[in-house]
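Heads up: the structure comes next, in structure tokens.
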Amino acid sequence: MLLSARKISKHYGAIQVLNKIDVDVYENEIVSIVGPSGAGKTTLLHLLSTLDRPNVDPDSSLFFKSTNLFDLKDTQLSKFRNQNMGFIFQFHELLPEFTALENVCIPGWLAPKHANNIIENKAMDLLKRLGLEDRLNHKPLAMSGGEQQRVAVARALINDPKIIFADEPSGNLDTENAKQLHDLFFELQKQRGCSFVIVTHNQELAKRSNRIVRLKDGKIDS
Ligand SMILES: Nc1ncnc2c1ncn2[C@@H]1O[C@H](COP(=O)(O)OP(=O)(O)OP(=O)(O)O)[C@@H](O)[C@H]1O
Ligand SMILES: [Mg+2]
């Protein structure tokens, strides 16, 4: 087991968005989170990836292997996230003033695991693998949506995370680019043995994934 969440809840005022949810993510699997708009998919992804904390509940826990992530302080958590988790968002969220190569390098520079030149070589390899060898020095605005999303994938992989979280990663891509991005996820899963947790409205991706978590009315609808 890679990630294991027990009884996690989130409410905003009187609105109970998530009610004692249990989710497991195994090594080397692709899990899709699906459900109607407003069901709490993004909220769940943020809780699982520690970008947000759930409501305090003595029965709740979030384990990454043997570490209870709820025990970590915010500064420890950011370090943990940077070193173990990758993130891909709907609107890529690349930094506009930096080049593709720099955007990919940044999480690597922040995690002082390797020297900068090693990170840069790795970023170049990743971008080349994703067919972006001619775009290394382009800034995000000078790239297409599909290219920007592939840069975001490279950025998510730079620190070799065991788990990658994605929120509607293909939501802004046309059918062909969406399919290519999904193919890439399955290829990376196979090659690197990493896991993906993907919020998606895309039926084709949900069907291809190893498991589907359906959210409805704050609960998992199985
Ligand atoms: N910061 C917040 N304050 C108050 N309510 C919030 C907040 N964030 C989310 N919500 C509410 O929580 C519910 C779940 O939101 P969430 O973004 O998780 O839904 P979602 O399933 O991702 O929807 P979509 O498919 O439209 O992205 C919604 O009703 C939303 O209005
Ligand atoms: Mg959402």
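Assorted remarks:
- Residues located in region 108-142, provided they are touching a residue at least 40 places away in the same chain (Cβ under 8 Å) and either among the charged types (D, E, K, R) or over 21 Å from residue 187 (Cβ atoms) (or both): 108, 111, 113, 139, 140, 141
- Summed over region 1-31, residues that are surrounded by fewer than 13 Cβ atoms within 10 Å (Cβ to Cβ) and more than 19 Å from the chain's Cα centre (by Cα) total 4.
- Residue pairs meeting the criteria (Cβ under 6 Å; at least 6 apart or on separate chains; first in a helix (DSSP H, G or I), in region 185-204; second surrounded by 18 or more Cβ atoms within 10 Å (Cβ to Cβ)): 185/196; 189/30
- Taking the conditions (1) among the β-branched types (Val, Ile, Thr); (2) farther than 21 Å from residue 163 by Cβ; (3) within 16 Å of ligand 1 (Cβ to nearest atom) in turn, residue 56 satisfies each one other than (3).
- Extreme residue, farthest from residue 30 (Cα to Cα), among residues of region 152-195 that are surrounded by fewer than 17 Cβ atoms within 10 Å (Cβ to Cβ) and of a type in the set (Gly, Ala, Ser): 171
Values in this text are rule-based calculations from the coordinates and carry no lab data. For clarity, every value in this text was computed on a predicted model and none was experimentally measured. Using ideal geometry, Cβ is built from the backbone for each residue, glycine included, and neighbour counts are taken over all protein chains shown.
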